[in-house]
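Laboratory data are not the source of any read-out in this text; all were calculated from the coordinates shown. This one's a predicted model, so the numbers in the text were calculated from it and none came from an experiment. Note that we place each Cβ from the backbone using ideal geometry, even for glycine, and neighbour counts take in every protein chain shown.
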Amino acid sequence: MDGISPQIAGKGPPPKYHPAMPLPTGQPNSDTAGIWRMFGVGWTLVCELIAGLLIGWGIDWLAGTEKVFTIVGAVAGLVVGMTGFIRSALAENRRMERGRKKERADDA
């Protein structure tokens, strides 16, 4: 079994859990969940920017203009993406602050 770890082959002890791995219950810890939420927010921003670019490029192609609507679409995609990004970041900040307040109340 060259190249196969003993855990995959069914031999040897199970791997230890790393803090970034999901807990045995299948629920991710709060740090991992927050990282994935922020990754999703960033991905949404990129997709909205690309969508604006493509829509603008399509309008330019149909209208026979040069880069006018591509630029307008890119700016519109960026504005929409940044609006969503800021809203999501503020919501995540509020969620984290509530978690900190709860931890402080539990410690007291």
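Data for the structure
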| read-out | value |
| --- | --- |
| Coarse-grained scattering of the range 30-107 at q = 0.13, 0.17, 0.26 Å⁻¹, given as base-10 log I(q)/I(0) from a Debye sum over alpha-carbon atoms | -0.53, -0.70, -1.05 |
| Inter-probe distance in nm under a simple model that places probes 7 Å from Cα toward Cβ, at ILE50 and ARG100 | 3.4 nm |
| Dipole moment magnitude, nearest 20 debye, the range 30-107 about Cα centre, only Lys, Arg, Asp, Glu C-beta charged | 360 debye |
| Using a Förster distance of 30 Å, the FRET efficiency for ASP107-ARG37 (Cβ separation, nearest 0.05) | 0.75 |
| Length added when fully stretched, THR83-THR65, from 0.36 nm per residue minus Cα-Cα | 3.6 nm |
| Leading residue at positive end of dipole, the range 30-107 (Cβ point charges), from VAL72, GLY52, SER88 | SER88 |
